[in-house]
Amino acid sequence: MSELSVNHLLGIKYITEADIQLIFETADHFKEVINRPIKKVPSLRDITIANLFFENSTRTKLSFELAEKRLSADVINFASSSSSVTKGETLIDTVNNILSMKVDMVVMRHPNPGAGIFLSKHVDASIINAGDGAHEHPTQALLDAYSIREKLGDVAGKKVVIVGDILHSRVALSNIFALQKLGAKVKVCGPKTLIPKYIEKLNVEVETNLRKALEWCDVANMLRVQNERMDISYFPTTREYTQQFGLNKAILDSLSKEIVVMHPGPINRGVEITSDVADSKQSIILEQVQNGVAIRMAVIYLLASKIKHHED
Ligand code: CP
């Protein structure tokens, strides 16, 4: 297969295993490119991309911008906090104004679940979801699965536990879809109040004992507690959360085998993970960030090849 089955990347739910494998193979090529002295290719000289961020971001925003520039695309950046959205402009009006400047592709982060899906039905551009509320964060899941493949040789057959605030996490949902499509076994671990009720319908087991979850897994993906999405208290205190679900060096070293530790960032050091674990040789957190650029280059390149005027 040399082409994606979709014209937008709205969620991992909507793509196939073959799409993911094509993205990985393309990312392998771009990973080699970004390690060259000249880290740039001319592939997207005729493509203009708008990065629309209606919610804060460090890694995803910088990673997309770098990926676009490495592909030689023209790039415009928009942050809602400094835009006319603060004067009441709607999402469709904002995007249509940007598109009238002849933009081909939109990378959008938005606090509302489904915002990218909505946009894809109303505007004539390729849409990449860079995180929509607690729904999906597809490029994060792709870079996470790619990092597991790089570290352990394959994703199929591997056991991955996602630990923490599953309820508010778009990373968890996208990871579950991606890992299962690639043949991994997935469990989640966290306080019952932070595990969504629909989780077992996704064929995901719940483990509320961190040690048991860690003994079972090959990879632990530690998630942050998303206090900004909480309107009530889901656990008694942060201290108690850390005591039950925080990963520290003592637990890591006491396990019967060496596991791989991941975190999508941003990290709350000392809450879900201690600094010595985050910075340990078992952690691949910075490899995840590095792989994010190659994965995003691959996604943008493959979607751009489906845009009619673009001939690469
Ligand atoms: N992992 C992630 O999405 O980080 P940012 O919110 O900083 O983009």
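The values are calculated or read from the model by the stated rules, or taken from the named source; none is laboratory data. Predicted model only: the values in this text are computed from it and were never measured. FYI the Cβ positions are ideal-geometry reconstructions off the backbone, even for glycines, and counts take in every protein chain you see.
Tabulated data for the structure shown
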read-out	value
Test: residue in segment 62-80 that is within 16 Å of the ligand (Cβ to nearest atom) and either without any contact (Cβ under 8 Å) to a residue 12 or more places away in the chain or not assigned by TED's automatic domain parsing to the domain that holds L119 (or both)	yes
Qualifying position, being surrounded by fewer than 19 Cβ atoms within 10 Å (Cβ to Cβ) and closer than 26 Å to V171 by Cβ, among N77, N51, N97	N77
Set E240, E258: member being assigned to a loop (DSSP other than H, G, I, E, B) and over 21 Å from the mean Cα position of the chain (by Cα)	E258
Residue selected from segment 42-61 under the condition outside any helix (DSSP H, G or I) and within 16 Å of the ligand (Cβ to nearest atom), by the criterion nearest to E287 (Cα to Cα)	T58
Among (1) assigned to a loop (DSSP other than H, G, I, E, B); (2) surrounded by 13 or more Cβ atoms within 10 Å (Cβ to Cβ); (3) within 16 Å of the ligand (Cβ to nearest atom), the one test that A294 misses	(1)
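Listed here are the residues, each with its yes/no results for (1) surrounded by fewer than 17 Cβ atoms within 10 Å (Cβ to Cβ); (2) touching a strand residue (DSSP E or B) at 6+ places or on another chain (Cβ under 7 Å); (3) at pLDDT 95 or above.
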| residue | (1), (2), (3) |
| --- | --- |
| V206 | yes, yes, yes |
| N227 | yes, no, no |
| L247 | no, yes, yes |
| I285 | no, yes, yes |
